[in-house]
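Take a look at the structure set out below.
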Amino acid sequence: MKKTLLSAFLISSIIFACTGCGFAETLMNALAKAYINNSALNFDRATARIYDENIAIAKSGYYPVVSAFSTYSHSHRRVSTFFDKTMIGDIGVELNQKVFDGFTTRNTVAAAEIQSQAQREFLRSSEQNLLLKAVQAYTDVYVARRIAVLRRQNLAALKEQVRADHVRLEVGEGTRVDLAQSEAQRSQAVSLVHQANADVKSKEAAYRHIIGDSAGPLMIPPAARNIPSNMEIGIQIALSKHPAVLSSKHTVDSASYIVKAKEGEFLPHINVMASTSREKVFKGLDSDAQIHSIGMQLSVPIYQGGLLSAQVRQSKEQLGQAQIQVDSIREQVREQLIAAWSQLEGAKAAVVAYRDAVRANQIALDGRIQENRVGQATTLDVLISRGMMVDSQVNLVSAERDVIVAGYAVKAALGSLTANNLGLRTLHYNPSKR
């Protein structure tokens, strides 16, 4: 009967575990949620749309300005004993069209279009940063939960150790020192379990903030793929395709057009103006007149108190600043890739070392337990071996997490950690569509 119940329990546990795996969240699903829900990324998308509107604002300089106007005046003049009253009403439409503005509008439009491209690359960079944070949040929760399980398993083993030492003390085979050591380790394990549970709660709160949803059951996070074979190739890719580098280059091009637009203010400006109006005068006998006019206005800047010259100098300094920024961004991207690559290599080596440590510590722990049973090892020897075993397991879990995060950090440094490159199953944001 007991064997039947035990078999039923094991079968139901396996079925439950498999069912839970079926409903567990995958890393890619979590990244898709972050891609849609994250408020910081949505803020940057709104900023990109704002920059897009600068194109329409700049292009408005090509089109005429049409305005309607209406005036009314009432004059009352007294000359000796004579009163003169006049009322005049005027209503009409006026058109003003730029013919030549020193190429200011053309250069301003070009600057706005390129700056919009720069902002889109900046948005892509923000997308990468968000997805990397999401990877970190996902793996942090997964690892924190695994460590909490290890801590609870260790606590259960130490509780069994305390129980065994109690039994041995009662039958005269153990000592109070052995019992005290076991109880001390158990108390420490209780503290570590509470700390691990608190860390899980903290990591789950960060997960909710980044992903935009609560952390349910999580699948094992997969390692990053499509990483270059060596770092030198990666650096070449990053310097040519990273969105931060592309954004800074677009900013330089935009600044150069702004310089041209400011210099165009020194050139003559020609406008064509046309208007039509109807005027009505109330003075004695009413009169009604229609007025049509068309003309051309030429303006040549001569002196503005140094305003235009200062604006040109300022725009040239901004161009130089943008050029310096390109070099700075390139160095930052290079540094980011080298750091991520080094962390990935170090984490891989640590995983290999900690796996060997776990294997060796497991053998040592099993041996100490057998030696303790025949009186060749003390309880303290067993406790020390168990502590080393648990520490190596925790270190291995942390190192495996570092490999995953470092791999995606390399992809971010390469400029390929985007929703499109990852193949996220979600509606990808298109800044051209509203």
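Which of the following residues is within 30 Å of Arg168 (Cα to Cα) and in contact with a Phe, Trp or Tyr (Cβ under 8 Å, 6 or more places away or on another chain): Ser392, Ser385?
The conditions single out Ser392.
In region 233-289, how many are farther than 30 Å from Lys85 by Cα and among the basic types (Lys, Arg)?
Within region 233-289, residues that are farther than 30 Å from Lys85 by Cα and among the basic types (Lys, Arg) number 4.
If you go through region 352-390 and keep only what is touching a residue at least 40 places away in the same chain (Cβ under 8 Å), buried (at least 17 other Cβ atoms within 10 Å of the Cβ) and aliphatic (A, V, I, L, M), you end up with Val382, Leu383, Val390.
Against the conditions (1) under 30 Å from Met28 (Cβ atoms); (2) in a loop (DSSP other than H, G, I, E, B); (3) open to solvent by 40 Å² or more (accessible area, probe 1.4 Å); (4) of a type outside the set (Lys, Arg), Gln393 satisfies every one except (2).
From the list Gly346, Gly407, the lone residue that is within 30 Å of Phe43 (Cβ to Cβ), of a type in the set (Gly, Ala, Ser), modelled with pLDDT of 90 or more and open to solvent by less than 50 Å² (accessible area, probe 1.4 Å) is Gly407. The residues of region 371-390 that are in contact with a Lys or Arg (Cβ under 7 Å, 6 or more places away or on another chain), outside any loop (DSSP other than H, G, I, E, B) and of a type outside the set (S, T, N, Q), listed by number, are Asp381, Val382.
Residues in region 148-164 that are open to solvent by 30 Å² or more (accessible area, probe 1.4 Å) and of a type in the set (A, V, I, L, M, F, W, C): Val149, Ala156, Ala164. For region 17-25, the count of residues that are open to solvent by 50 Å² or more (accessible area, probe 1.4 Å), modelled with pLDDT of 90 or more and of a type in the set (Ser, Thr, Tyr) is zero. Answer with yes or no whether Gly306 is surrounded by fewer than 14 Cβ atoms within 10 Å (Cβ to Cβ), at positive phi and modelled with pLDDT of 90 or more. Yes: the conditions hold for Gly306. For region 169-182, filtering for residues that are open to solvent by 60 Å² or more (accessible area, probe 1.4 Å) and either in contact (Cβ under 8 Å) with a residue 60 or more places away in the chain or in a helix (DSSP H, G or I) (or both) leaves 3. If you filter region 40-64 down to residues that are in contact (Cβ under 8 Å) with a residue 40 or more places away in the chain and of a type in the set (Gly, Ala, Ser), you find that the one that is surrounded by the most Cβ atoms within 10 Å (Cβ to Cβ) is Ala58.
The values are calculated or read from the model by the stated rules, or taken from the named source; none is laboratory data. None of these values were measured; they are calculated from a predicted model. Cβ coordinates were reconstructed from backbone atoms using ideal geometry, including for glycine residues, and neighbour counts include every protein chain displayed. We work out accessible area using only protein heavy atoms, side chains counted, and drop any ligands, DNA or RNA first. Shrake-Rupley method; radii C 1.70, N 1.55, O 1.52, S 1.80 Å.
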